[in-house]
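Structure record follows, encoded as structure tokens.
The values are calculated or read from the model by the stated rules, or taken from the named source; none is laboratory data. Since this is a predicted model, take the numbers as computed values, not measurements. As a convention, Cβ positions derive from the backbone with ideal geometry for all residues, glycine included, and neighbour counts pool all protein chains shown. Quick note on the areas: whole protein, heavy atoms, side chains included, nothing else; ligands and nucleic acids left out. Shrake-Rupley method; radii C 1.70, N 1.55, O 1.52, S 1.80 Å.
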Amino acid sequence: MATSCSSQLSKCVKQQYLDLPQGDKVQAMYFWIDGTGENVRCKTRTLDSEPKSIEDLPEWNFDGSSTYQSEGSNSDMYLIPAAMFRDPFRKDPNKLVLCEVIKYNRKPADTNLRHSCKRIMEMVANQHPWFGMEQEYTILGTDGHPFGWPSNGFPGPQGPYYCGVGADKAYGRDIVEAHYRACLYAGVEICGTNAEVMPAQWEFQVGPSEGINMGDHLWAARFILHRVCEDFGVIVSFDPKPIPGNWNGAGCHTNFSTKEMREDGGLTYIEASIEKLAKRHDYHIRAYDPKGGLDNARRLTGCHETSNIHKFSAGVANRGASIRIPRTVGQDKKGYFEDRRPSANCDPYSVTEALIRTCLLGEEGEEPVEYKN
């Protein structure tokens, strides 16, 4: 069965219960990144009133031994509310709450990369760093086969699918439209979407988002996409190379600028940042997927609109380069640049922090600098 059994349950029956009044109580669904650094978990609690800010949300805990984050003999982990969104599934006044995870000793969990990212972003807040991330993903059936592909073969070769229209070109648009509207309702800074080069592959874009908001909003968008796909009975994959062979992989191209880059003459600052990035290629490759570059090695081959993982390159309007300067930026001499290396399953906190460390803090070498409090 290509779709899950739960997707066959009557949504009309479910809706009659969701339409029941809930009084003054509020359901808050806490979600967090688990020990894989890629997957999200969630659970819900009842609040006595609608929270107006993060400060109104209580800390919570969970069993980290069941999420690859602790041992059974010392399993409690703490959930620290970090960002709040409207809940597009239960609707107002209910909330989605993105949480940081900390250990029993109040130190960040190993996959809590937000904690460090937030501190780095605060160090450069006066430069107003903006990010935009282009999240590619693939829709799969529960059998792991790309949605809409022939069960015992392959669709026609790539070519007609990118931004395609029609039942033979766009596979799964219902999911894309549902996700887009759900993100808008939630308050996620989603700014667009399109069909990608491989059939059943899509992309949504988040941004421009300043500082830590980039990671918060991309993770919220990913969580919402997982939930939308759950309702439709299919799976979303962020694997950077879901289908081997002559098929495009999936990335998370990251656009970056500062206040100086966006102003007249900003191209000078863009070029200076690219020079810094050229000297720290290996560090960024390690930061750009959760397996330290191993996942991206399957994608960054120099083919299928990618650069080679072992070489740094940059160019205007070049989609085969590590760093692309959009043509309009080259003409206007200001704007932003696009780092095309991050994988679809990257942690946006790791990616954005690495860009700040290298481009704005001027770090060099293979390891991040430790800053004193």
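Among the residues of region 30-55, the one identified as open to solvent by 60 Å² or more (accessible area, probe 1.4 Å), touching a residue at least 24 places away in the same chain (Cβ under 8 Å) and hydroxyl-bearing (Ser, Thr, Tyr) is Ser49. Within region 131-140, is even one residue over 17 Å from the mean Cα position of the chain (by Cα) and part of a loop (DSSP other than H, G, I, E, B)? No, the conditions are met nowhere in region 131-140. Here Tyr68 clears all of (1) at negative phi; (2) in contact with a Ser or Thr (Cβ under 8 Å, 6 or more places away or on another chain); (3) not in a strand (DSSP E or B) except the condition numbered (1).
When you scan region 110-128, how many residues do you find that are assigned to a loop (DSSP other than H, G, I, E, B) and either free of Cβ contacts under 8 Å to residues at least 24 places away in the same chain or surrounded by fewer than 23 Cβ atoms within 10 Å (Cβ to Cβ) (or both)? Walk me through it before giving the result.
Residues of region 110-128 that are assigned to a loop (DSSP other than H, G, I, E, B), as a first pass: 110-113, 124, 128.
From what's left, either free of Cβ contacts under 8 Å to residues at least 24 places away in the same chain or surrounded by fewer than 23 Cβ atoms within 10 Å (Cβ to Cβ) (or both): 110-111, 124, 128.
Summing the residues that are assigned to a loop (DSSP other than H, G, I, E, B) and either free of Cβ contacts under 8 Å to residues at least 24 places away in the same chain or surrounded by fewer than 23 Cβ atoms within 10 Å (Cβ to Cβ) (or both) in region 110-128 gives 4.
Which condition number in (1) of a type outside the set (A, V, I, L, M); (2) open to solvent by 20 Å² or more (accessible area, probe 1.4 Å); (3) over 14 Å from Phe147 (Cα atoms); (4) in contact (Cβ under 8 Å) with a residue 60 or more places away in the chain is the one that Glu177 fails? The number of the failed condition is (4).
With charged (D, E, K, R), under 30 Å from Ala109 (Cβ atoms), open to solvent by 10 Å² or more (accessible area, probe 1.4 Å) and part of a loop (DSSP other than H, G, I, E, B) as the only criterion, which of Glu366, Glu353 stands out? Walk me through it before giving the result.
Values: Glu353 fails: part of a loop (DSSP other than H, G, I, E, B).
Matching residue, one of Glu366, Glu353: Glu366.
A single member of Gly153, Gly132, Gly141 is without any contact (Cβ under 8 Å) to a residue 24 or more places away in the chain and surrounded by fewer than 22 Cβ atoms within 10 Å (Cβ to Cβ), and it is Gly153. For region 282-322, taking the residues that are on the phi > 0 side of the Ramachandran plot and modelled with pLDDT of 95 or more, the one that is most open to solvent (accessible area, probe 1.4 Å) is identified as Gly292. Looking across region 237-269 at every residue that is open to solvent by less than 10 Å² (accessible area, probe 1.4 Å) and hydrophobic (A, V, I, L, M, F, W, C), the one that is nearest to Tyr137 (Cα to Cα) is identified as Ala250.
Number of residues in region 192-212 that are in contact (Cβ under 8 Å) with a residue 60 or more places away in the chain and either closer than 17 Å to Gly132 by Cβ or in contact with a Gly (Cβ under 8 Å, 6 or more places away or on another chain) (or both) equals 13. The residues listed here are Ala2, Ala28; of these, the one that is part of a strand (DSSP E or B) and among the small types (Gly, Ala, Ser) is Ala28. Among the criteria (1) closer than 16 Å to Ile33 by Cα; (2) open to solvent by 70 Å² or more (accessible area, probe 1.4 Å), the one Ser73 does not fulfil is (1).
If you check Ala321, Ala278 for being over 18 Å from the mean Cα position of the chain (by Cα), free of Cβ contacts under 8 Å to residues at least 60 places away in the same chain and under 28 Å from Asn112 (Cα atoms), only one passes: Ala278. Just so you know, in region 89-109 the residues that are in a loop (DSSP other than H, G, I, E, B) and open to solvent by less than 20 Å² (accessible area, probe 1.4 Å) include one that is farthest from Met29 (Cα to Cα), and it is Ala109.
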